[in-house]
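Undergrad: What follows is a structure written as structure tokens; I'll ask about it next.
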Amino acid sequence: MNTEAQIPNILLVDDDLFVLKSIAPFLESLGYHVTTAESGEDAIELLNRSTFDLVITDLIMGNVDGYQVLEMGKNLRSEMMFIVLTGNSNPTFIINALRLGADDYLVKPCDPEEMRFRVERCFEKLESK
């Protein structure tokens, strides 16, 4: 986990503002510090400037998709955790993300308790490394 602060840092990436405005406050209510990005380009810029413990990214976005965000993030810090968030339950999308190093996935719309569980599980894995 980020040693500069005791509060885990999460980057939430989605081109749907409704998703950002609903998930970010939920994660903050659980005690996490959340930074949002409205595009893959913004996410990559943030990944190059800041350190995150967990990235939750949509897969299907504009010019830079979630796969590219995942690849860039894992190249920068292989221990960074990733949860892919997708509105497409096609197993191919999920399998491709897992092959690129995603640690988990959620299909939108997702239950808040399921998200809480998956995020906590990622941080447990991170702490055990």
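Undergrad: Give region 97-109 a look and list any residue that's under 22 Å from Phe18 (Cα atoms) and part of a loop (DSSP other than H, G, I, E, B), or say none.
TA: Within region 97-109, Lys108, Pro109 meet the criteria.
Undergrad: List every residue pair whose Cβ atoms lie under 7 Å apart, where the two residues are 6 or more positions apart in sequence or sit on different chains, the first residue falls within region 11-39 and is at positive phi, and the second residue, located anywhere, is of a type in the set (Val, Ile, Thr) and in a loop (DSSP other than H, G, I, E, B).
TA: Gly31/Ile7
Undergrad: Collect the residues in region 1-51 that are open to solvent by less than 70 Å² (accessible area, probe 1.4 Å), under 21 Å from Glu124 (Cα atoms) and in a helix (DSSP H, G or I), keeping them in residue-number order.
TA: The answer is Ile23, Ala24, Phe26, Leu27.
Undergrad: Does region 76-86 contain any residue that is over 13 Å from the mean Cα position of the chain (by Cα), open to solvent by less than 20 Å² (accessible area, probe 1.4 Å) and modelled with pLDDT under 95?
TA: Checked against the condition, which is being over 13 Å from the mean Cα position of the chain (by Cα), open to solvent by less than 20 Å² (accessible area, probe 1.4 Å) and modelled with pLDDT under 95, region 76-86 yields no hits at all.
Undergrad: Right, next: Select from region 64-75 the residues that are assigned to a helix (DSSP H, G or I) and open to solvent by 10 Å² or more (accessible area, probe 1.4 Å) and list them in ascending order.
TA: Tyr67, Gln68, Glu71, Met72, Lys74, Asn75
Undergrad: Here's something else I'd like to know. If Ile94 passes every condition in (1) modelled with pLDDT of 90 or more; (2) open to solvent by less than 20 Å² (accessible area, probe 1.4 Å); (3) not in a loop (DSSP other than H, G, I, E, B) but one, which one does it miss?
TA: Only one criterion in (1) modelled with pLDDT of 90 or more; (2) open to solvent by less than 20 Å² (accessible area, probe 1.4 Å); (3) not in a loop (DSSP other than H, G, I, E, B) is unmet by Ile94, namely (1).
Undergrad: Can you spot a residue in region 103-113 that is surrounded by fewer than 18 Cβ atoms within 10 Å (Cβ to Cβ), closer than 18 Å to Asp15 by Cβ and modelled with pLDDT of 95 or more?
TA: No, that holds for no residue.
Undergrad: Check off (1) at pLDDT 95 or above; (2) closer than 25 Å to Gln6 by Cα; (3) not charged (D, E, K, R) for Ser128 and give me the number that stays unchecked.
TA: (1)
The values are calculated or read from the model by the stated rules, or taken from the named source; none is laboratory data. None of the values given here were measured: they were computed from a predicted structure. No Cβ is skipped: glycine too gets one built from the backbone with ideal geometry, and neighbour counts run over all protein chains shown. Side chains included, ligands, DNA and RNA excluded: accessible areas come from the protein's heavy atoms. Shrake-Rupley method; radii C 1.70, N 1.55, O 1.52, S 1.80 Å.
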